[in-house]
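Here is the structure we will look at, set down as structure tokens.
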Amino acid sequence: MPRNQEFETRAIHSGQGADPATGATITPVYQTVTFTQDEVGQHKGYEYSRTGNPTRVALEQCLASLEGGRFGFAYGSGMAAIHGTMQLVSAGDHVVVADDLYGGTFRLFSEVLPRFGVRFTSVDATQIEEVAKACEPDTKMIWIESPTNPLLRLIDVAACGEIASRQGARLVVDNTFATPYLQNPLALGAHIVVHSTTKYLGGHSDVIGGAVIVDDEEMANTLQFTRNATGGIPGPWDAWLTLRGTKTLALRMRQHEHNAARVAEFLLERPEVARVYYPGLTDHSGHELAKRQMRGFGGMLALDLAGGEAAALAFCAETQLFSLGESLGGVESLIGYPWTMSHAAFPPEEKRRKGITEATVRLSVGIEHVDDLCADLERALDAAALAE
Ligand SMILES: *Cc1c(COP(=O)(O)O)cnc(C)c1O
């Protein structure tokens with residue numbers, strides 16, 4: 001028996017043996033709809049690419065290995081993966097959700113799924129007793145993200161997992177921000193992990209995708225059945241691009257984190273910056289929990305500009321290396337304005353309750369040289385100060 005391989009090795013080899021048909025070292029893009037059968041019902045494991053495709057299977061096995069689960073399912077987007085996960089509940093079921101969620105997930109849970117009779121209660125999951133209190137006899141699922149977007153709040157995965165298990169419910173963790181390199185929710189007691197692979201896993205801002213990873217076979221069967229029944233798969237090219245990105249996740253995450261920590265230190269020194277949110281800072285509310293349940297603090301951070309809305313808008317307009325845009329987790333640095341961009345779907349009072357204001361700016365720190373990134377931020381802060 002070979003010893004359990006390390007993360008970096010699994011990222012490059014899990015699910016990615018030489019191609020059985022040709023020996024191709026790199027998993028080919030199986031750009032085919034169908035697979036020729038020798039006789040009726042006699043095939044090599046593949047029939048039709050919605051049901052199964054070898055390029056997609058390679059990605060799924062790799063992602064499952066990186067999350068420490070036995071079964072992976074790739075979807076055409078993170079939202080398709082989240083919707084796919086919700087096929088595990090039925091009309092009448094109750095779901096407890098953290099109130100600090102990706103905007104698209106909030107929209108699905110507040111405007112689409114209630115039409116199908118799924119009931120949601122949202123709670124401040126940083127207060128773990130709130131999660132327990134919100135559970136009802138029909139609660140079948142608890143849904144959290146950690147760290148959260150954009151203020152990087154930490155939620156105790158193990159404690160939520162215990163509440164879910166006690167309740168006979170399942171804990172789902174959207175692990176997009178942390179990535180499997182820094183956090184493995186299944187090992188902490190979660191039952192289901194979801195990803196927008198669009199972000200760090202793909203890592204190059206060139207392909208949309210999503211994934212669900214579970215260890216339980218019955219759940220896996222339901223996910224395969226419902227994904228095949230509903231059809232939210234990625235194409236083989238997208239699966240291939242995502243798999244290529246995933247190979248370098250460890251290298252990239254180390255550099256993202258190194259750069260984010262330096263950027264956080266830089267911003268702390270600047271008088272134009274009122275507050276910096278980064279889990280690696282010892283005064284961050286989730287710092288101790290991050291040290292317990294993560295292997296690092298990641299590449300995302302947020303800040304409040306002392307000059308309020310005008311300064312924040314000017315800052316966002318002035319950075320050059322940090323492109324102003326939605327998304328995160330690519331090799332290139334991005335800057336975003338949560339108030340009207342990523343969190344536009346939340347009502348203003350809801351944003352304020354979460355701690356997001358018109359002065360809040362989010363940074364996805366890329367893997368460029370950190371000195372250039374700090375120089376870009378410095379110049380933009382100077383320009384923003386003039387705008388006040
Ligand atoms: C982007 C994102 C999603 C949605 O993923 P898409 O690939 O854009 O559909 C879900 N959750 C989190 C935390 C995200 O950042």
Among the residues of the stretch 73-99, write down those that are more than 10 Å from the ligand (Cβ to nearest atom) and assigned to a helix (DSSP H, G or I).
Gly84, Thr85, Met86, Gln87, Leu88
The stretch 299-316 - residue that is out of contact with any helix residue (DSSP H, G or I) (no Cβ under 6 Å at 6 or more places or on another chain) and part of a loop (DSSP other than H, G, I, E, B) and, of those, farthest from Leu152 (Cα to Cα)
Gly307
Set Leu386, Leu363: member being within 23 Å of Leu101 (Cα to Cα) and aliphatic (A, V, I, L, M)
Leu363
Checking Thr105 against (1) in a helix (DSSP H, G or I); (2) free of Cβ contacts under 8 Å to residues at least 40 places away in the same chain; (3) in contact with a strand residue (DSSP E or B) (Cβ under 9 Å, 6 or more places away or on another chain), only one condition comes out false. Which one?
(2)
Determine whether Ser323 is modelled with pLDDT under 95 and touching a strand residue (DSSP E or B) at 6+ places or on another chain (Cβ under 9 Å).
no
Check on Tyr102, open to solvent by 30 Å² or more (accessible area, probe 1.4 Å) and within 16 Å of the ligand (Cβ to nearest atom)
yes
Please work out if Ala132 is farther than 29 Å from Thr360 by Cα, in contact (Cβ under 8 Å) with a residue 24 or more places away in the chain, surrounded by 15 or more Cβ atoms within 10 Å (Cβ to Cβ) and out of contact with any Ser or Thr (no Cβ under 7 Å at 6 or more places or on another chain).
yes
Cβ-Cβ under 8 Å, sequence separation 6+ or interchain: first residue in the stretch 300-327 and within 25 Å of Phe177 (Cβ to Cβ), partner hydroxyl-bearing (Ser, Thr, Tyr) and open to solvent by 40 Å² or more (accessible area, probe 1.4 Å). Which pairs?
Asp304/Thr357; Ser327/Ser205
Return yes or no: is Thr121 open to solvent by less than 70 Å² (accessible area, probe 1.4 Å), at pLDDT 95 or above and not in a strand (DSSP E or B)?
no
Limited to the stretch 146-162, what total is found for residues that are surrounded by fewer than 24 Cβ atoms within 10 Å (Cβ to Cβ) and more than 15 Å from the chain's Cα centre (by Cα)?
5
Is it the case, given these coordinates, that Arg254 is charged (D, E, K, R), more than 14 Å from the ligand (Cβ to nearest atom) and not assigned by TED's automatic domain parsing to the domain that holds Gly161?
yes
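The values are calculated or read from the model by the stated rules, or taken from the named source; none is laboratory data. Because the structure is predicted, anything quoted here is derived from the model rather than measured. Note that we place each Cβ from the backbone using ideal geometry, even for glycine, and neighbour counts take in every protein chain shown. Just the protein is used for accessible areas: all its heavy atoms, side chains included, with ligands, DNA and RNA removed. Shrake-Rupley method; radii C 1.70, N 1.55, O 1.52, S 1.80 Å.
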